[in-house]
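The values are calculated or read from the model by the stated rules, or taken from the named source; none is laboratory data. All values reported here derive from a predicted model rather than from experimental measurement. Neighbour counts are summed over all protein chains in view; Cβ atoms, including those assigned to glycine, are modelled from backbone coordinates with ideal geometry.
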Amino acid sequence: MTRKEFLILNRQKYKKLKPYVLQSMKEKYIEQDIFKIGYLDIETENLEANFGVMWSWAISVRNVENNKNELRKAVINESDFRRAKKKDDWDTLDKRITEQLIENISDLDYLVGHWFIGKHRHDIPYVRTRCIANSIGGFPKHRMIRYGDTQKWGSQLYRLHSFGLASLADAFGVIQEKTRIRTKDWKNAKLGSKKSLKYILDHNIIDVLITHQVHKKIEEQVSISNSYA
């Protein structure tokens, strides 16, 4: 008899202890003081934050206690281009949305993304660098928030041809279809094209909704991350 089978057969006897293996995901999160999970994705001018800016960001917020979801988002607009031009400083183009992003993660306990945190990864190092470029404070200090990475988890758990977000979504039958990256839109964003910036934001939103669903598919197979940054 396995430890899990033993605990299940003796559930009433050990009810007060509620071993981790018998807890629901809600109970596991709350026990570790995780009440809100944010699925974050950013879209950027390029892959190097000291030479590029953020075009947009989106967060799908999951309330663990009531299981309700909320979408938060921001994208560069005309006023941002005017301000950057007036100041003759391209770095300030994404200052407004970077400030908004920091404000919008302030009430979250767990941030999850894809190819998200750590050396050679994208979103969190990029955001931190944009904060430096724009002299923005408030980025969570060490041990103030946890971080999880669906790409890392997926590559540890499964054997797929690719561990891109689209591949994981396909493996789990996640229904949101990823929009393809149209290079023209990323180029036209530099001109302030409303159409291109809207396309980029829509692409951004779909990515966080997919990341949210992929995480829910694998969360019982992985530990709750103890990674901090």
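Among the residues of the range 130-153 satisfying the criterion of being among the basic types (Lys, Arg) and buried (at least 20 other Cβ atoms within 10 Å of the Cβ), which is farthest from ASP109 (Cα to Cα)?
Of the residues in the range 130-153, the ones among the basic types (Lys, Arg) are 130, 141, 143, 146, 152.
Of the ones still in play, those that are also buried (at least 20 other Cβ atoms within 10 Å of the Cβ) are 130, 146.
Working: ARG130: 22, ARG146: 6 Å.
Step by step, filter the range 130-153, then rank; the result is ARG130.
Being at pLDDT 95 or above and surrounded by fewer than 20 Cβ atoms within 10 Å (Cβ to Cβ) is a property that SER167 lacks.
Criterion first (within 16 Å of ASP94 (Cα to Cα) and not basic (Lys, Arg)) does GLU70 satisfy it?
Details: within 16 Å of ASP94 (Cα to Cα): no; not basic (Lys, Arg): yes.
No; evaluated as a whole, the condition is false for this residue.
Here are some residues: ILE206, ILE200, ILE224. Which one is at pLDDT 90 or above, buried (at least 19 other Cβ atoms within 10 Å of the Cβ) and either among the hydrophobic types (A, V, I, L, M, F, W, C) or more than 22 Å from ARG62 (Cα to Cα) (or both)?
Details: ILE206 fails: buried (at least 19 other Cβ atoms within 10 Å of the Cβ); ILE224 fails: buried (at least 19 other Cβ atoms within 10 Å of the Cβ).
Only one candidate passes the filter, namely ILE200.
Considering every residue within the range 174-182, establish whether at least one is at pLDDT 90 or above and either assigned by TED's automatic domain parsing to the domain that holds TRP57 or farther than 30 Å from VAL53 by Cα (or both). Within the range 174-182 (the criterion being at pLDDT 90 or above and either assigned by TED's automatic domain parsing to the domain that holds TRP57 or farther than 30 Å from VAL53 by Cα (or both)), the answer is no, since none of the residues qualifies. Contact map, the range 20-41: residues that are at negative phi and touching a residue at least 24 places away in the same chain (Cβ under 8 Å) paired with residues that are of a type in the set (Ser, Thr, Tyr) and not in a helix (DSSP H, G or I), Cβ distance under 6 Å, separation 6+ or inter-chain. Pairs shown: ILE34/TYR110; ILE37/TYR110; TYR39/SER60. The single residue among GLY154, GLY148 that is part of a helix (DSSP H, G or I), under 17 Å from TRP115 (Cβ atoms) and either under 19 Å from the mean Cα position of the chain (by Cα) or at pLDDT below 90 (or both) turns out to be GLY154.
Evaluate the following for ILE102: is it in the same structural domain as LYS198 (by TED's automatic domain parsing), at negative phi and assigned to a helix (DSSP H, G or I)? The answer is yes for ILE102. A residue that is of a type in the set (D, E, K, R), within 16 Å of the chain's Cα centre (by Cα), closer than 23 Å to TYR228 by Cα and not in a helix (DSSP H, G or I) cannot be found anywhere in the range 73-81.
Yes or no, residue by residue, for (1) without any contact (Cβ under 8 Å) to a residue 60 or more places away in the chain; (2) small (Gly, Ala, Ser); (3) surrounded by 15 or more Cβ atoms within 10 Å (Cβ to Cβ):
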{"position": "SER155", "(1), (2), (3)": "yes, yes, no"}
{"position": "HIS161", "(1), (2), (3)": "yes, no, no"}
{"position": "GLY173", "(1), (2), (3)": "yes, yes, no"}
{"position": "LYS178", "(1), (2), (3)": "yes, no, yes"}
{"position": "ARG182", "(1), (2), (3)": "yes, no, no"}
{"position": "TRP186", "(1), (2), (3)": "no, no, yes"}
{"position": "ILE210", "(1), (2), (3)": "yes, no, yes"}
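Can you tell me which residue among LYS95, LYS86 is buried (at least 17 other Cβ atoms within 10 Å of the Cβ) and assigned to a helix (DSSP H, G or I)?
Numbers: LYS86 fails: buried (at least 17 other Cβ atoms within 10 Å of the Cβ).
Criteria check complete, one pass: LYS95.
Cβ-Cβ contacts under 6 Å between residues 6 or more apart (or on different chains), taken from a first residue in the range 66-81 that is without any contact (Cβ under 8 Å) to a residue 24 or more places away in the chain to a second residue that is of a type outside the set (D, E, K, R), are listed as GLU70/VAL61; ASP80/LEU93. The numbered conditions (1) closer than 30 Å to ASP88 by Cβ; (2) touching a Leu at 6+ places or on another chain (Cβ under 7 Å) are all true for ARG130 except (2).
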